[in-house]
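The values are calculated or read from the model by the stated rules, or taken from the named source; none is laboratory data. Given the structure is predicted, the values throughout are model-derived calculations rather than measurements. Backbone-built Cβ (ideal geometry, glycine too); neighbour counts: all protein chains shown.
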Amino acid sequence: MGKGGGCVPSKKRSPIGESDHDLPNPVQDGPIPQNATPDSTIPIEGQNPSPVSTIPVQDGALQTAVKKLRVFIVFYSMYGHVEGLARRMKKGVDGIDGVEGVLYRVPETLAPEVLDQMKVPSKEGEVPVISAEELVSADGLLFGFPTRYGCMSAQMKAFFDSTGKLWEDQKLAGVPAGFFVSTGTQGGGQETTAWTAITQLAHHGMLYVPIGYTFGAGMFKMDSIRGGSPYGAGVISGDGTREPSETELALAEHQGKNMAMVVKRFAQPYSVASNHSS
């Protein structure tokens with residue numbers, strides 16, 4: 001690239017160790033079409049033609065197209081507690097300039113008659129069900145689920161089990177990801193539910209992003225019941241009637257902001273000159 005050039009982020013990652021400078025440069029290695037107009041676009045070689053992967057020609061100058069980074073907030077929520085955290089988490093993601101949160105549910109595995117007997121509210125609504133293949137479109141991932149004996153619920157585990165093809169092709173390698181959970185009691189798995197889920201990320205090569213103690217003083221308050229841990233936001237549902245507290249929701253919003261900032265940092269183009277000097 002020329003002086004001052006940067007790298008264009010691409011979902012089609014080059015193999016580890018392969019330099020960007022070894023790839024063909026459509027701007028340097030090929031002439032601009034003679035019939036190019038101010039509104040025409042030049043596709044980047046190796047990428048599908050789309051507004052994201054084109055360089056618009058405006059007033060004779062090449063400019064990189066800008067899009068919002070997307071954090072997928074993928075959850076399973078039986079009685080609405082995890083969904084409450086997810087919606088507040090989206091608010092946190094959306095609060096960071098250039099990043100947006102997208103809510104998705106994972107498919108239900110229980111039969112309708114079983115859900116009726118358990119008095120589970122209907123999930124029909126504005127949050128769509130996600131397929132495994134759609135995960136590759138995310139710049140960051142936040143997975144939320146209730147606990148089942150200290151581990152993730154069967155619905156979320158079944159969804160991870162459906163990502164075998166993505167694992168085979170390493171489509172999710174290098175993608176930042178985190179967790180948030182719901183438990184019935186304080187000792188019901190606020191930490192272990194997220195902790196035992198890390199194996200799913202490890203096999204995919206995803207980058208686990210915990211929140212640590214970045215929430216500050218809110219992580220140390222003991223004046224009320226609070227879910228959440230350094231592993232991620234959390235809510236304590238009790239017998240199912242307890243709603244998330246404002247502190248729990250604020251922690252979820254913080255996690256959304258934290259993930260959005262991490263994703264944004266990963267997406268920053270780096271200088272070719274700096275790359276050579278490092």
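Within the range 171-210, the set of residues being under 17 Å from PHE145 (Cα atoms), touching a Gly at 6+ places or on another chain (Cβ under 6 Å) and either among the aliphatic types (A, V, I, L, M) or part of a loop (DSSP other than H, G, I, E, B) (or both) comprises VAL181, GLY189, GLN190, ALA194, VAL209.
For the range 125-138, the set of residues classified as in contact (Cβ under 8 Å) with a residue 40 or more places away in the chain and of a type in the set (Gly, Ala, Ser) consists of SER137, ALA138, listed by residue number.
In the range 51-83, the residue that is surrounded by the fewest Cβ atoms within 10 Å (Cβ to Cβ) out of those that are at pLDDT below 95 and assigned to a strand (DSSP E or B) is ALA61.
Assessment of the range 226-234 against the conditions (modelled with pLDDT of 85 or more, surrounded by 20 or more Cβ atoms within 10 Å (Cβ to Cβ), farther than 17 Å from PHE75 by Cα and of a type in the set (D, E, K, R)) yields at least one matching residue. The residues of the range 139-161 that are assigned to a helix (DSSP H, G or I), surrounded by 17 or more Cβ atoms within 10 Å (Cβ to Cβ) and in contact (Cβ under 8 Å) with a residue 24 or more places away in the chain, listed by number, are GLN155, MET156, PHE159, PHE160.
Counting the residues of the range 84-104 that are assigned to a strand (DSSP E or B) and among the β-branched types (Val, Ile, Thr) gives 2. All conditions but one from (1) surrounded by fewer than 22 Cβ atoms within 10 Å (Cβ to Cβ); (2) among the charged types (D, E, K, R); (3) not in a loop (DSSP other than H, G, I, E, B) apply to ARG242; the one that does not is (3).
Cβ separations smaller than 9 Å between residues 6+ apart or across chains give the following pairs from the range 112-124 residues that are under 13 Å from TYR79 (Cα atoms) to residues that are at pLDDT 90 or above and polar (S, T, N, Q): LYS123/SER77.
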